[in-house]
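Below is one structure, written out as structure tokens; comments come after it.
The values are calculated or read from the model by the stated rules, or taken from the named source; none is laboratory data. Computed from a prediction, not measured in an experiment: that's the story for all the values here. Positions of Cβ are backbone-derived with ideal geometry, glycine not excepted, and every protein chain shown enters the neighbour counts.
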Amino acid sequence: MEAALRETQVDGRLNGEEVVRVIIVDNNQAVRKQLSRALARTSEFQVLKEMPVSKSAASDVLSLRPELVLLEVKTGDSLGMEICEEISRLAPEISVVVLTSYTNEEEREKVLELGAQAYLLKSVPSNWLTHEIKRLVLNKA
């Protein structure tokens with residue numbers, strides 16, 4: 001069982017089906033859990049890790065090599081932006097989707113400039129969110 005789990009994480013497959021491996025980076029634990037549950041409702045996603053925004057987040061993401069990172073950048077400092085930029089620069093194959101509680105046009109432009117594929121509201125229905133992030137990852141491939 002453990003070997004099968006490791007194999008899933010390495011080759012991006014679950015029971016022979018393609019899955020999008022995801023890391024959720026958000027300071028709010030309740031938000032991380034809610035996103036994780038929403039993604040778990042479909043066999044198309046596998047959440048590898050949930051973590052708060054921290055200085056080690058980018059290196060954690062780079063070591064696990066998911067297809068997708070869901071990232072909050074409203075942290076009261078520039079750390080979220082720095083994580084977005086570092087992942088996009090060092091691993092452009094990883095899709096970064098910024099999730100936010102409220103929109104800010106200047107912030108949206110900045111994260112897209114730094115390499116994020118999308119800037120989405122957390123408040124959208126979970127079925128729309130999962131559809132949209134799957135579309136973004138598939139279109140990047």
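Of note:
- Hits in region 66-87 (condition: over 16 Å from Glu107 (Cα atoms) and out of contact with any strand residue (DSSP E or B) (no Cβ under 6 Å at 6 or more places or on another chain)): Glu86
- Hits in region 1-37 (condition: among the polar types (S, T, N, Q), under 17 Å from Ile133 (Cβ atoms) and modelled with pLDDT under 50): none
- The set of residues from region 34-79 being assigned to a helix (DSSP H, G or I) and more than 11 Å from Val22 (Cβ to Cβ) comprises Gln34, Arg37, Ala57, Ala58, Ser59, Asp60, Leu62, Ser63, Leu79.
- Taking region 88-125 as the range and being in contact with a Leu (Cβ under 8 Å, 6 or more places away or on another chain), at pLDDT below 95 and surrounded by fewer than 16 Cβ atoms within 10 Å (Cβ to Cβ) as the test, the residues that pass are Ser101, Tyr102, Thr103, Leu121.
- Unmet criterion (only one of (1) surrounded by 17 or more Cβ atoms within 10 Å (Cβ to Cβ); (2) at pLDDT below 95; (3) touching a helix residue (DSSP H, G or I) at 6+ places or on another chain (Cβ under 7 Å)) for Thr42: (1)
- One residue stands out in region 80-111 among those that are of a type in the set (S, T, N, Q) and part of a loop (DSSP other than H, G, I, E, B): the one that is farthest from Pro125 (Cα to Cα), namely Asn104.
- For region 50-64, the count of residues that are hydrophobic (A, V, I, L, M, F, W, C), at pLDDT 90 or above, closer than 15 Å to Thr130 by Cβ and out of contact with any Ser or Thr (no Cβ under 6 Å at 6 or more places or on another chain) is zero.
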